[in-house]
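See below for the structure under consideration.
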Amino acid sequence: MPPISSTVLVTAQASSVLNGLWLVSSGAWTRVSDMASGSYLVKGTTVVVSSGNTNANTLWQCTSTSGLVDTAANTWAKI
């Protein structure tokens, strides 16, 4: 598990509305403040993943149509 207070990009949830940026905690994880539930996510948003066991030093881009976080599809592709 990532360290507490880390920001992680989740990309492979069964329901893509749960993908995106999350803040790690010892209990339930929460959305980061700039991509919180109900925020507007823009297609083409790019995220840098700087660490991790599998995808360290990679770039990811939101490929789904723009929409609301936790409501609209939230699909990411490594670029």
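Quick one: accessible area per residue over the chain, 1.4 Å probe, rounded to a whole number of Å²?
On the way: 4730 Å² over 79 residues.
Accessible area per residue: 60 Å².
Shown for the chain: the carbon plus sulfur share of the solvent-accessible area, taken with all protein chains present and a 1.4 angstrom probe, equals 55%.
The values are calculated or read from the model by the stated rules, or taken from the named source; none is laboratory data. Only a predicted model underlies this, so the values are computations on that prediction, with no experimental measurement involved. Note: accessible area is taken over every heavy atom of the protein model, side chains too, but ligands, DNA and RNA are not part of it. Shrake-Rupley method; radii C 1.70, N 1.55, O 1.52, S 1.80 Å.
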